[in-house]
1. Rounding to the nearest 10 and keeping the result within 0 to 90°, find how far the Cα-based axis of helix B:5-16 lies from the longest principal axis of chain B.
2. Could you go through region B:32-43 in sequence order and give the Karplus-derived ³J(HN,Hα) for each residue, using 6.51 cos²θ - 1.76 cosθ + 1.60 with θ = phi - 60°, rounded to whole Hz, and x for Gly and Pro?
3. Checking a compactness column here: for chain B, what do you get for Rg(Cα) / (2.2 N^0.38 Å), N being the number of residues?
4. Per-residue ellipticity at 222 nm for chain A, helices alone: DSSP H runs ≥ 4 residues times -39500 (n - 2.57), over residue total, nearest 500 deg cm²/dmol?
5. Over the alpha carbons of the protein assembly as shown, what is the largest minus smallest coordinate on each principal axis, giving the biggest first in Å?
6. Can you give the accessible area of B:I54 in Å² (nearest 10), computed on protein heavy atoms with a 1.4 Å probe?
7. What order do B:M112, A:M249 take when sorted by accessible area (1.4 Å probe), most exposed first?
8. From the phi angles alone, apply the Karplus equation (6.51, -1.76, 1.60; θ = phi - 60°) to region B:49-63 and give each ³J(HN,Hα) in whole Hz, x where the residue is Gly or Pro.
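The values are calculated or read from the model by the stated rules, or taken from the named source; none is laboratory data. Note that the coordinates shown come from a computational prediction; the quantities given were computed from them, not determined experimentally. Remember, those area values only see protein heavy atoms, side chains included, never the ligands or the DNA or RNA. Shrake-Rupley method; radii C 1.70, N 1.55, O 1.52, S 1.80 Å.
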Amino acid sequence: MSIYKNVSKLLILLLSFASVSVYAQEAWIVPDAENAIVNPIQNSEAAIVSGQKLYKSLCVACHGNLGAGDGVAAVGLNPKPTDFTTADFHKQTAGSVFWKLSKGRGVMAPYEGMLSEEDRWALVSYLKSLKVEIPKKKVATKKVNNTFLFTQLINTQTVQTLPNKISEFTIQHRFGVTQLNSDFINDFLGMDLGANLRLAYAKAINSRLYAEIGRTRYGKTYDLGAKYLVLQQTIDNKTPFSIAVYGNMGINTQKFPKVIDGSTFVDGSNFSYSFAHRLSFNSQIIFAKQFSESFSMQIAPVVIWHNLVAKDEKNLDFVIPFGARLELNQKSALLFEVTPKIIAKNKRMPLSIAYEIASSSAHAFQLILTSTDRILEQSIYSNETIDYSQGKFVLGFNIKRLF
Amino acid sequence: MKKIYIPLIVVVFSLFSCTKQQGPIEPLLVISTVSYVNDIQPIFDENCIDCHNINVEQHFGDLNLEADKSYIELININADYDENIKRVIPNNAINSILWQKVNNSNLYGDNMPLTPNDPLSQNNQNLIKVWIEEGALDN
């Protein structure tokens, strides 16, 4: 039975991967004749029990353990699986529920061909037996959950953590530095030039804390990070914004360059490379606010530390990235980032804009125009930003998936 | 709940492994006779051929700095950047675009290597200069 359960969960996940289009939640109209049909097995105790069994194995993944529409596979779905504990749901006739279950709509499969009529009526009996949850009076303290959709905006971190038990996979790709001149076409928009790539996997420890691991091509850098949501904005704005803290350690694994004998550190001691010199750190506090369902902004003081820097540079950099997300419609959004550098060798501000295409809140593709071919914040802020005043820029994309 | 230790370990680990160092400062070598094969080509190999290689050179000033190509592509060849300037004029570093680009003069477009945060070391710059001044030999 449990194998069956896992296989069906997997199928559901695959289904939701495939469901690229977004359905609008329109009224679901049931033919009058179907509406009038009464449950032939009545709501007998036995029918409810067998309905419950079927429900637990087939429907829980989307509709949730208690029927509230909050199953694990519900995360990316639009429209959301129906909540069976609302008064609205119970207003309809058994015949209507039976018909919807039989015919399906969107990701909700038509169960006509999969379950016998008796099984379907048993399910209807079970659904009808679920209690209506009176919405709690405390709606006022409802939290703002989706200030941003993912843990990163374009290059910067967001205040967002992951829902419990959920993982996030990210691919960040940047093409080479290019320019709008005759080379642009020749370079094929910079795609022929060197490219940078980061793969990252993040896993929720609970809904406020997640850990992540990433690997970036430049510097063959591995990075370990964690984010903790300290304070969460509420819908009534009693808590007007969210705060998260984030830390990341980069480990450069490239071969150290050759140095000649007799080289020294700036303080005069003998120079030799050690493991600590491979490390760089990124610590930040992120303040974010959702102004409306479709517009969020954030600001995040960031301290970057490199254990070893070149002779005329500083170990510490301090920058304040500012980011915003404007949702254009259900499927797309504009993202924006600018990073004033307060303490840094080169003060030119990294700038990025992106157009996000999301097939669901769990899956997005972002097309990026930016002024840095670096991806890890440690290297973005400590390296010189590309001179956009000369018309130079970098194109790239991010792909994100929650699962 | 055990997984909560992962970030904790990261934090503790990082506290123990923090250093604040700058360098290296290389002692200035006394350069006498420079060999193209033993001194100059290794500089290209380490710092330049990611961009200046046969596959992508057309995007990078049409210059290939790989071992068997670099010498003939440099000596007395007109620069792609400006036809009136030579890449290397033997005995004349000042008027060679190669030297001007590696010594961060900002005179002829981008400085090399095209990675602003790690310029060639002073010794490597000196080697290239002395090699040109000694006649830019293929030795």
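1. The helix B:5-16 is inclined about 60 degrees to chain B.
2. My calculation for region B:32-43 gives 10, 9, 9, 10, 4, 5, 8, 10, 7, 4, x, 5 Hz in order.
3. Working: Rg = 20.1 Å, N = 139, 2.2 N^0.38 = 14.3 Å.
Normalised by 2.2 N^0.38 Å, the Cα Rg of chain B equals 1.40.
4. Working: 9 runs with 79 residues, N = 403.
Mean residue ellipticity, 222 nm, calculated: -5500 deg cm²/dmol.
5. 103, 47, 42
6. 90 Å²
7. On the way: B:M112 50, A:M249 0 Å².
The ranking, largest first, comes out as B:M112, A:M249.
8. So the J values, rounded to whole Hz, are 6, 4, 9, 8, 10, 4, 6, 10, 3, 4, 8, 10, x, 6, 10.
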